[in-house]
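Written out below as structure tokens is the structure these notes cover.
The values are calculated or read from the model by the stated rules, or taken from the named source; none is laboratory data. The structure presented is a predicted model; accordingly, all values stated were derived computationally and were not measured. Positions of Cβ are generated from backbone atoms using ideal geometry, with glycine treated the same way; all protein chains shown enter the neighbour counts. Note: areas computed on protein heavy atoms with side chains; ligands, DNA, RNA excluded. Shrake-Rupley method; radii C 1.70, N 1.55, O 1.52, S 1.80 Å.
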Amino acid sequence: MKVVIQRVSSASVTIDTKIVADIQKGLLVLVGIEDADNQEDIDWLVNKITNIRIFGDENEVMNLSVKDIDGEMIVVSQFTLHAATKKGNRPSYIKASKPEIAIPLYENFINQMESELGKTVQSGVFGADMKVLLLNDGPVTIIIDSKNRG
């Protein structure tokens, strides 16, 4: 499972001109799922994301997590995170899971994130053509791959 975490001042997801998710200070998390992903990947990532200290404290030092600041979160599925780009100019998405595998993992990821944060986590719609708008704060953008924990 690959994620891109972006610290945001605000973010939203729009589908067909309708805003389906809208947050202020917090995290926008893009999630790419592959067939090898499982509950262990979800557990590890949820813990890492909710506790990663990327928000400024009173001295503007990154010492606080999204939980510490009571921040909000949007989770968006993004199969393109598993793009293979070694050959040619057209990315291959063969490593990205098909919906029958990815959707249950994606939904479980969101549910577990809500449980860990103790609040609703907003999301996009799996497989939809989404427009994601964000104001990246910092900018702070972190990429994490659950298969590369070293």
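Please go through the stretch 15-116 and write out the GluC sites (Glu not before Pro) that DSSP classes as loop and that have at most 16 other C-beta atoms within 10 Å.
Within the stretch 15-116, the qualifying GluC sites (Glu not before Pro) (loop, at most 16 other Cβ atoms within 10 Å) are E58, E60.
Express in % the proportion of alpha carbon pairs of the chain at distances exceeding 22 Å.
The share of Cα pairs beyond 22 Å in the chain comes to 39 percent.
May I ask you to compute the full-extension gain from L133 to T80, defined as 0.36 nm times their residue separation minus their alpha-carbon distance, rounded to one decimal in nm?
Full extension from L133 to T80 adds 17.3 nm.
Any of K67/K119; K25/K67; K18/K67; K95/K147 with alpha carbons more than 18 Å apart? Name them for me.
Long pairs (Cα-Cα over 18 Å): K18/K67.
Computed over the Cα atoms of the stretch 3-71, what is the ratio Rg over Rh, Rh following Kirkwood?
Answer for the stretch 3-71: 1.04.
To test your reading of the geometry: what angle, between 0 and 90 degrees and rounded to tens, separates the Cα axis of helix 99-117 from the longest principal axis of the chain?
Computed tilt is about 10 degrees.
Springs between alpha-carbon pairs under 10 angstrom, Gaussian network model over the chain: which of K87, K48, K67 fluctuates most?
Sorting by GNM fluctuation, first place goes to K87.
What nm value, rounded to one decimal, do you get for the distance between M62 and I94 when each label is placed 7 Å out toward the C-beta?
With each label point 7 Å from Cα toward Cβ, the separation is 3.5 nm.
What residues have an amide H closer than 5 Å to that of V20, excluding those fewer than 5 places away on the same chain, when H is modeled at 1.01 Å from N in the peptide plane?
Amide H neighbours of V20: V13, T14, I15.
Considering the Cα positions of the stretch 31-76, please state its Rg to one decimal place and its Dmax as a whole number of Å.
So, for the stretch 31-76, Rg and Dmax equal 13.2, 43 Å respectively.
Show D16, D43, D68, D57 ordered by accessible area, largest first, where the area counts protein heavy atoms only and the probe is 1.4 Å.
D16, D68, D43, D57
Take each of the peptides 73-86, 123-136, average the number of other beta-carbon atoms within 10 Å over its residues, and list them starting from the highest.
With the highest mean Cβ count within 10 Å placed first, the list reads 73-86, 123-136.
Which log10 I(q)/I(0) values, to two decimals, does the stretch 91-150 give at q = 0.16 Å⁻¹ under the Debye formula with one point per Cα?
After summing over all Cα pairs, the log10 values are -0.83.
For the chain, what does the relative contact order come out to in percent, with C-alpha contacts under 8 Å and a separation of six or more?
Relative contact order here is 37 percent.
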